Protein chains: 2
Amino acid sequence: MTHPEGSEAEDRADAWFHALADRTRRDILRRVLAGEHSVSTLAKSYDMSFAAVQKHVAVLERAGLLTKRRQGREALASGDVEAVRSVGVMLTDLEALWRGRISRMDELFATDTTTEKD
Amino acid sequence: MTHPEGSEAEDRADAWFHALADRTRRDILRRVLAGEHSVSTLAKSYDMSFAAVQKHVAVLERAGLLTKRRQGREALASGDVEAVRSVGVMLTDLEALWRGRISRMDELFATDTTTEKD
DNA sequence: CCAACATACAACCAGTCGGTTGTACGTTGT
DNA sequence: ACAACGTACAACCGACTGGTTGTATGTTGG
């Protein structure tokens, strides 16, 4: 009933936050948001194998946070700012719930002591 | 050098996004942002053991997204909206990098034709 | 042409994750 | 007092993660 089940949006959110939950991936995302980079160029920046970086890029791509385009033998990765914004919107929605609590507490105060409003 | 190493902020970010990368935890966070709930009350909402929900709450607590206060035999959990906001700020900073790319492209256009500076 | 480069992908491994059950301990109501 | 409740925590398990190496395939420059 109230179980958070199989929602499409929740699936996307799982992928988003999982992709962002690794500092190397966040760093890669920063770079490709600032400008296009080939996978091997990215790989040179990190103390791990090319294959490892390739996998990180793949995770970001599957989450829709980055897109790749093939040019010759290189795969150029580019950050998708719209997806990043969507994640931000999710957080904003979370905040909205908190604001709802405030207004409910407000109502409590209203019924609590004598209202100063006369 | 350019490696994203041992930063305090990155550690926190790891915890934040990891905590948010599970739909049950996001759902719990929604509830405790909307108002205080005991762990057992939360547990009744999900099709899993009490211990499992307890662990999810612990993950959110460790990430600083929620705080617990003891009242009698109950542990009341409450969402920390400031932490949620901090996560949002991180995303906004990411967006800023993208805007930087634009302005740099702008500079490219500027240097393309006759340079303004002599 | 061919060596070097860039990518893709599979197989493997240790560690972590999300779930379980079981046990223990403080609190509360009757 | 004591049974029921709420919590805490440890041990365990299968699945997945983040890393590795190795191999195959396409691209490019000399």
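A few remarks follow.
- Among residues of segment B:82-118 being over 20 Å from the mean Cα position of the chain (by Cα) and among the aliphatic types (A, V, I, L, M), the one that is modelled with the highest pLDDT is B:ILE102.
- B:VAL87 being within 8 Å of chain A (Cβ to nearest Cβ) and more than 18 Å from A:TRP16 (Cβ to Cβ): no
- All positions within segment A:35-53 that are more than 8 Å from DNA strand D (Cβ to nearest atom) and more than 14 Å from every other protein chain (Cβ to nearest Cβ): A:SER38, A:VAL39, A:SER40
- Leading residue by the ranking (farthest from DNA strand D (Cβ to nearest atom)) among those in segment B:69-81 that are assigned to a strand (DSSP E or B) and within 14 Å of another protein chain (Cβ to nearest Cβ): B:GLY79
- Where helices (runs of 4 or more DSSP H) fall wholly inside segment B:1-68, the ranges with 3 or more residues that are in contact (Cβ under 8 Å) with a residue 24 or more places away in the chain and either touching a Ser or Thr at 6+ places or on another chain (Cβ under 6 Å) or surrounded by 16 or more Cβ atoms within 10 Å (Cβ to Cβ) (or both) are B:8-20, B:23-34, B:50-62.
- Filtered residues of segment B:32-87 (kept if of a type in the set (A, V, I, L, M, F, W, C), more than 13 Å from DNA strand C (Cβ to nearest atom) and more than 18 Å from A:ARG101 (Cβ to Cβ)): B:VAL87
- When we screen B:ALA63, B:ALA13 for residues that are within 16 Å of the chain's Cα centre (by Cα) and more than 14 Å from DNA strand D (Cβ to nearest atom), the only hit is B:ALA63.
The values are calculated or read from the model by the stated rules, or taken from the named source; none is laboratory data. What you see is a predicted model; the values in this text were computed from it and never measured. Heads up, the Cβs are rebuilt from the backbone with ideal geometry, glycines too, and the neighbour counts pull from every protein chain shown.
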